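K.L.:
Below: one structure in structure tokens.
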Amino acid sequence: MGVPHWTCGYFVISEDPNVRAATNVFELVSILRADSTPRVDLAGDLANPWDAITGYLEAFRDTYPRGDLQQAVTQPGMDPVVKDYLRTLRSDCSKDGVSYCGADAVDLFATGNADALIGYSERLNPILSHAKKTVGTLHVASATLGDGDAPALFTDALVLSPRCSSLQCQSAAQRFATY
């Protein structure tokens, strides 16, 4: 049992307000390429297991908004349409033969070396710790990873560890969850 505390999703964070207008992965890629900066268009972490799975689920939901997400995880192999959309997105993560979606790229974006970052909303904390980035300069949009924008959201929960057996620990945990 847990106490829900944070709704998560996959987002595109950029200083370009046009990212909010993207309604599918092709429009997102087009918007990111339009400014023709020398920076990489998109950075993020599509390689680690959690981000890869979440990115796939997001692209599946965007492509099949009325579909069952359980189908996405129970069918053998990746859906070929969704796989093509993710390839399109991944192509925007590359510059001069180097992929910038293979590791957490918060610093790359926060220091002005990428036009946009794809990832969870929690990425805003380390981004905003850099002096160059402020809330007023950033635009956050649902990541349109498929043929549409039907976000797959999930909720994190606070849970009590079985090692928290003393009354003092349980009381502190309860106060934190209430806070």
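What follows draws every value from the coordinates through simple rules; no lab data is involved. This one's a predicted model, so the numbers in the text were calculated from it and none came from an experiment. Quick reminder, even Gly has a Cβ in these numbers, built from the backbone with ideal geometry, and neighbours come from all protein chains shown.
K.L.:
What does the C-alpha gyration tensor say about the overall shape of the stretch 126-179? Classify as rounded when a/c is under 1.5, otherwise prolate if a/b is larger than b/c, or oblate.
P.N.:
On the way: a/c = 4.11, a/b = 1.79, b/c = 2.30.
Note, shape of the stretch 126-179 comes out oblate.
K.L.:
Please report, in debye to the nearest 20, how large the charge dipole of the stretch 1-105 is about its Cα centre when each Lys and Arg carries +1 at its beta carbon and each Asp and Glu carries -1 there. Numbers along the way, then the final one.
P.N.:
Values: 9 positive and 15 negative charges, 34 e Å.
Taking the Cα centre of the stretch 1-105 as origin, the dipole is about 160 debye.
K.L.:
In nm, what is the difference between 0.36 nm times the number of residues separating ALA172 and ASN48 and their Cα-Cα distance?
P.N.:
Length gained, ALA172 through ASN48: 41.3 nm.
K.L.:
Output the relative contact order of the stretch 8-155, whole-number percent, from Cα pairs under 8 angstrom with separation of 6+ residues. The partial results should precede the final answer.
P.N.:
Numbers: 273 pairs, mean separation 71.5, N = 148.
Over the stretch 8-155, the number comes to 48 percent.
K.L.:
Considering the chain, which cysteines have no disulfide-compatible partner, defined as another cysteine with its Cβ under 4.7 Å away?
P.N.:
Singleton cysteines: CYS8.
K.L.:
In nanometres, what is the gap between the two model label sites at SER165 and ASP35, each 7 Å from Cα along Cα-to-Cβ?
P.N.:
Taking the simple label geometry, SER165 and ASP35 are separated by 5.5 nm.
K.L.:
Related question: Under a no-solvent Debye model with one identical scatterer per Cα of the chain, what's log10 I(q)/I(0) at q = 0.13 Å⁻¹?
P.N.:
Values returned for q = 0.13 Å⁻¹ are -0.70.
K.L.:
What percentages, rounded to whole numbers, describe P(r) for the stretch 86-179 computed over all alpha carbon pairs with 10 Å bin width beginning at zero?
P.N.:
In order of increasing distance, the bins hold 12, 31, 27, 18, 11, 1 percent.
K.L.:
Something else now. At a temperature of 20 °C and a viscosity of 1.002 mPa s, determine how fast the stretch 54-118 diffuses translationally according to Stokes-Einstein, using the Kirkwood radius over alpha-carbon pairs as Rh; express D in µm²/s, rounded to the nearest whole number.
P.N.:
On the way: Rh = 13.4 Å.
Diffusion coefficient, whole number: 160 µm²/s.
K.L.:
OK, next. Taking the highest mean first, how do the peptides 68-80, 15-27 order by number of other beta carbon atoms within 10 angstrom per residue?
P.N.:
Numbers: 68-80: 10.9, 15-27: 16.5.
The packing order, highest mean first, is 15-27, 68-80.
K.L.:
Using only DSSP helix segments of four residues or longer, with each worth -39500 (n - 2.57), what per-residue ellipticity at 222 nm results for the chain after dividing by its residue count and rounding to 500?
P.N.:
Value at 222 nm, helices only: -10500 deg cm²/dmol.
K.L.:
What is the local net charge at ILE127, summed over the other residues whose Cβ is closer than 13 Å to its Cβ (Lys, Arg +1; Asp, Glu -1)? The partial results should precede the final answer.
P.N.:
On the way: positive: ARG123, LYS132, LYS133; negative: GLU15, ASP104, ASP107, GLU122.
Charge balance near ILE127 sits at -1.
K.L.:
Could you give the dipole magnitude of the chain about its Cα centre, charging the beta-carbon of Lys and Arg +1 and that of Asp and Glu -1, in debye to the nearest 20?
P.N.:
Once rounded to the nearest 20, the dipole reads 480 debye.
K.L.:
Order these peptides, 142-148, 156-162, 31-37, by their mean beta-carbon neighbour count within 10 angstrom, highest first.
P.N.:
142-148, 31-37, 156-162
K.L.:
In whole Å, what is the distance between the alpha-carbon centres of the stretch 39-90 and the stretch 133-179?
P.N.:
22
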